[in-house]
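Okay, so here's the structure we're looking at.
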Amino acid sequence: MAPFTHEPGSGQRFDVNLSILFTELPLLERPAAAAAAGFTAVELWWPWIETPTPPQAELDALKNALDEAGTRLVGLNFYAGRLPGPDRGALSLPGEESDRFRANIDVAVDFAESVGCTALNALYGNRVEGVDPADQDALALESLVLAARAADRIGATLLIEALNAPESPHYPLVTAEAAVGVVDRVNAATGLGNAAFLLDLYHLSMNGLDADGLAGVVDRYADRTGHVQIADNPGRGAPGTGTLPLQDLLGRLRKAGYEGWVGLEYKPGDRPSAESFAWLPAAARAAR
């Protein structure tokens, strides 16, 4: 694959998602592996898929692993059910799952504060058969308002992500417009302005957007974007394994004023994760 070009001082900051890369290793070994590959920043889906409230010792162990590796956690999901797996979030699901999301809010926010993480992603959750979508949306807004207020107490951003319909057919936020609409409703309800769009170029491309369509999303929503994630398409592999013009799109984001992190959320394929970064010059990996 052709490597990205790297312009010193460009401001592009990459981080590694340790829930999809380096998964051949135990969780607590992944920060050190990312550091050995040259990265100084990482992100995670909620690592404890069975519980929103893990023992403090497990939280402390993850913090120590991050600290000892010298890696900063720059993005963390709230509890989202079985992910990877059939679930796509919990906050809009009536009953036990939305209760579990709410039990997780302060746990996730406190952990984020302890490691200096200021971006928290709240996956909306699938539609539930037999439940009025309007009722789910009302529950979602209540949950997201609680999460936004908790995030605000540590100066963090609440992220709302659009997924893709082919892989997440029951997830209601499968366009940038739908996700940004939720962002607007949360900000209107709280008055805090700390909700933002998580722009995942892979998911949007899977929804049928071509290069021009993706460029249009960038142009419309760069100023509302709090985090970016990338993978190539088809295949959800590393940049250069598919057809998406990712470098051009990231350059467009920079020109539009986006200065945040770009999360590498791709599958490494059959090789070890450490061998999947040839596309990215070493000088572009370490960023603060």
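The amide H of GLY263, built 1.01 Å from its N in the peptide plane, has ASP15, VAL228, GLN229, ILE230 as neighbours under 5 Å, considering only residues 5 or more places off or on other chains. Using alpha carbon coordinates only, what is the Rg to Rh ratio of the range 126-218, with Rh defined as the Kirkwood radius? Ratio of gyration radius to Kirkwood radius: 1.00. In the chain, the calculated helix contribution to ellipticity at 222 nm averages -11500 deg cm²/dmol per residue, counting -39,500 (n - 2.57) for every DSSP H run with n ≥ 4. Look at where the Cα atoms of the range 125-154 and of the range 225-282 average out, and the two centres are 29 Å apart. Ranking TYR266, GLY216, PHE277 by Cα position along the charge dipole of the range 152-288, where only Lys, Arg, Asp and Glu carry charges on their C-beta atoms, puts PHE277 farthest toward the positive end.
Calculate, for GLU24 and LYS63, the FRET efficiency according to 1/(1 + (r/R0)^6) with r their C-beta to C-beta distance and R0 22 Å; round to the nearest 0.05. In this case the efficiency is close to 0.45. Relative protection proxy for 233-245, 116-128, 199-211, from highest mean packing down: 116-128, 199-211, 233-245 (other beta-carbon atoms within 10 angstrom). Selection among THR53, GLY75, SER92 by position relative to the dipole of the range 36-170 gives GLY75 as farthest towards the positive end (Cβ unit charges, Cα centre). Computing Rg and the Kirkwood Rh from the Cα coordinates of the chain gives a ratio, Rg/Rh, of 0.94.
Lys/Arg Cβ at +1, Asp/Glu Cβ at -1, dipole of the range 132-204 taken about the Cα centre: which of ALA165, GLY181, LEU146 is farthest positive-ward? Of ALA165, GLY181, LEU146, it is LEU146. Looking at the range 231-288, the pairs of alpha carbons with a distance over 16 Å make up 49% of the total.
None of the figures in this text is laboratory data; all of them are computed from the coordinates on show. Predicted model, so just to flag it, every value in this text is computed and none were measured. Heads up, the Cβs are rebuilt from the backbone with ideal geometry, glycines too, and the neighbour counts pull from every protein chain shown.
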